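> Here's a structure for you.
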Amino acid sequence: MLGKNPLLERRQRVIGSHSPLFYEQPLHIVRGEGVWLYDADGRRYLDVYNNVPHVGHCHPRVVDAIARQAATLNVHTRYLHDNIVNYAERLTARFDSSLSMAMFACSGSEANEIALRMARHHTGGQGIIVTDFAYHGNTEAVAELGTGFMPEARTTRRVHAFACPDSYHGPAGLGPERLADHYADSVQAAIDDFAAAGIKLAGILFCPAFANEGLLDVPAGFIEKAVARVRAAGGLYIADEVQGGFGRTGKHWWSHEWAGVVPDIVTLGKPMGNGHPISGVVASAELIEAFGAWGMYFNTFAGNPVSCAAALAVLDVIEEEQLLANAVQVGAYIASGLRQLQASHPLIGDVRDKGLFFAVELVRDHHSREPASAESAALVNAMRREGVLISAVGRHNQVLKLRPPMPFSRDNADLLLNTLDHCLGTVERQYHE
Ligand code: PMP
């Protein structure tokens with residue numbers, strides 16, 4: 001089947017055969033609008049995967065802001081310009097008052113790279129603690145954090161991993177409080193390992209939604225306990241909001257707010273410019289000023305007038321279209337629909353949700369929780385054939401990842417749930433009868 005497609009052949013010839021593509025039959029998407037994607041034959045697909053077009057594909061407000069600014073001026077940030085100042089003011093106003101300054105970059109990886117450098121400079125330490133199934137980006141220093149994700153990433157002396165805080169797969173029968181202690185002890189073990197090796201701690205870096213880890217159901221109290229231990233050892237708390245930020249998790253603008261622990265550094269990316277590449281680091285004035293005084297940081301494209309125009313328009317749309325409230329309402333509707341499906345489909349072991357972010361974990365057996373990896377791949381492809389785009393994550397790619405653009409409606413939700421019901425039935429018959 002592969003190789004019959006001329007565009008695919010040309011792609012493989014010039015950008016390599018390992019550049020990832022979704023689906024057994026790759027999609028040739030040519031247009032997007034709202035929650036819909038259209039292929040070259042004009043077929044439309046419901047997008048339940050893409051979080052970067054946060055306020056909807058090609059939202060006219062964002063398109064217009066980009067086009068107008070691109071037609072007026074686009075240049076680096078060494079001249080005064082309103083856009084970067086307006087944006088930094090509006091962005092930081094959405095955070096705790098201690099997080100009052102922002103720096104800009106172009107990707108989540110770069111934002112995390114800055115955060116690492118800032119934490120290491122501030123503490124004078126090198127040691128960074130991450131989960132044992134983290135992905136935070138692709139620069140050399142940030143790839144070191146991807147201990148479980150990328151084959152080439154190796155845990156180095158300056159990176160230690162703690163066990164993912166996971167109520168579904170963690171030790172049974174402990175109850176939330178003891179489970180939180182159990183995982184906080186794993187963070188403490190990383191702190192102790194650094195101390196034993198004579199490596200000073202710089203901090204802990206994690207996504208407070210534990211998105212790439214499979215949108216984990218984290219035992220209540222874990223984040224508070226883990227961060228307290230890191231801070232007691234002199235480290236900083238870096239929250240990677242590249243996936244969980246800008247209202248994705250519904251109730252709050254930032255996923256770290258669920259635990260009520262204010263980070264020292266927050267990194268942002270993906271949805272920030274609705275597809276236009278802009279990312280950021282938000283921290284205290286003290287941290288950012290000290291970092292700037294220590295080493296000049298300049299990034300040619302970051303924070304330019306077009307990027308900031310896009311990002312400003314994203315904030316406008318989130319506020320005016322009340323997308324957080326929509327994430328809460330439609331999110332609750334989808335979560336309840338998924339739990340109904342769980343009651344009738346034995347393949348679904350667990351459903352986890354936060355706002356418009358859902359993880360549906362597929363298992364072969366509810367007791368052993370054996371991952372249903374092949375079934376998950378079959379389901380993702382079956383959904384694509386039916387015109388609904390989803391993906392899978394997790395250590396065994398057994399967790400369906402549903403993360404649609406934020407203006408997702410109840411009607412969209414019904415189409416998603418009905419298609420999932422149908423495809424689950426097909427896959428269950430195919431594998432388990
Ligand atoms: N942090 C998280 C949590 C991510 O999911 C990603 C990308 N998947 C990144 C950082 C890196 O972002 P980028 O691809 O924009 O460099």
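The values are calculated or read from the model by the stated rules, or taken from the named source; none is laboratory data. Everything quoted here is computed from the prediction, not taken from an experiment. Counting neighbours? That spans all protein chains shown, and the Cβs are built from the backbone with ideal geometry, glycine included. With ligands, DNA and RNA removed, areas are computed over all heavy atoms of the protein, side chains included. Shrake-Rupley method; radii C 1.70, N 1.55, O 1.52, S 1.80 Å.
> How large is the Kirkwood hydrodynamic radius of the stretch 212-322, counting all unique pairs of alpha carbons, in Å? Before the final figure, lay out each step's value.
Details: mean 1/r = 0.0632 Å⁻¹.
For the stretch 212-322, the Kirkwood estimate is 15.8 Å.
> With a probe of 1.4 Å, find how much accessible area the chain has per residue, and write the answer as a whole number in Å².
I get 43 Å² per residue for the chain.
> Once ligands and nucleic acids are excluded and a 1.4 Å probe is used, how much of LYS270 is accessible, expressed in Å² to the nearest 10?
Here the residue's solvent-accessible area equals roughly 90 Å².
> Follow-up question, since we're still on this one. Using a 1.4 Å probe on the protein chains only, how many percent of the accessible area of the stretch 1-84 belongs to carbon and sulfur? Show your work: numbers first, answer last.
On the way: 3040 of 5640 Å².
After summing per-atom areas, the C and S share lands at 54 percent.
> Could you state how much accessible area GLU386 has, in square angstrom rounded to the nearest 10, with a 1.4 Å probe and all protein chains kept in place?
The accessible area of GLU386 comes to roughly 100 Å².
> Roughly what would the spin-label model give for ASP181 and ALA374, points 7 Å off Cα along C-beta, in nm?
4.3 nm
> Counting pairs on different chains as well as pairs 8 or more places apart, how many Lys pairs in the chain have Cα atoms under 21 Å apart? Can you show the working numbers first?
Working: LYS200/LYS225; LYS251/LYS270; LYS251/LYS354; LYS251/LYS401; LYS270/LYS354; LYS270/LYS401; LYS354/LYS401.
Qualifying lysine pairs in the chain: 7.
> Could you calculate, for the chain, the ratio of the Cα radius of gyration to the Kirkwood radius, expressed as Rg to Rh?
Details: Rg = 21.7 Å, Rh = 22.6 Å.
Radius of gyration over Kirkwood radius for the chain works out to 0.96.
> In whole Hz, with x marking every Gly and Pro, tabulate ³J(HN,Hα) for the stretch 262-273 from phi via Karplus 6.51 cos²θ - 1.76 cosθ + 1.60, θ = phi - 60°.
Once θ is set to phi - 60°, the couplings for the stretch 262-273 become 7, x, 8, 9, 10, 10, 10, x, 3, x, 4, x Hz.
> Give a quick list of GluC sites (Glu not before Pro) in the stretch 117-190 that DSSP marks as loop, anything other than H, G, I, E or B, with at most 10 other Cβ atoms within 10 Å. Could the numbers behind the result be given before it?
Values: sites: GLU140, GLU144, GLU152, GLU177; in loops: GLU144, GLU152.
Answer in residue order: GLU152.
> Report, for the chain, the % of DSSP beta bridges that are antiparallel, rounded to 5.
Antiparallel bridges: around 65 percent, rounded to the nearest 5.
> Could you work out how far apart the two model spin labels at THR156 and GLU224 are, taking each label as a point 7 Å from the Cα in the direction of the beta carbon, and quote it in nm?
3.6 nm
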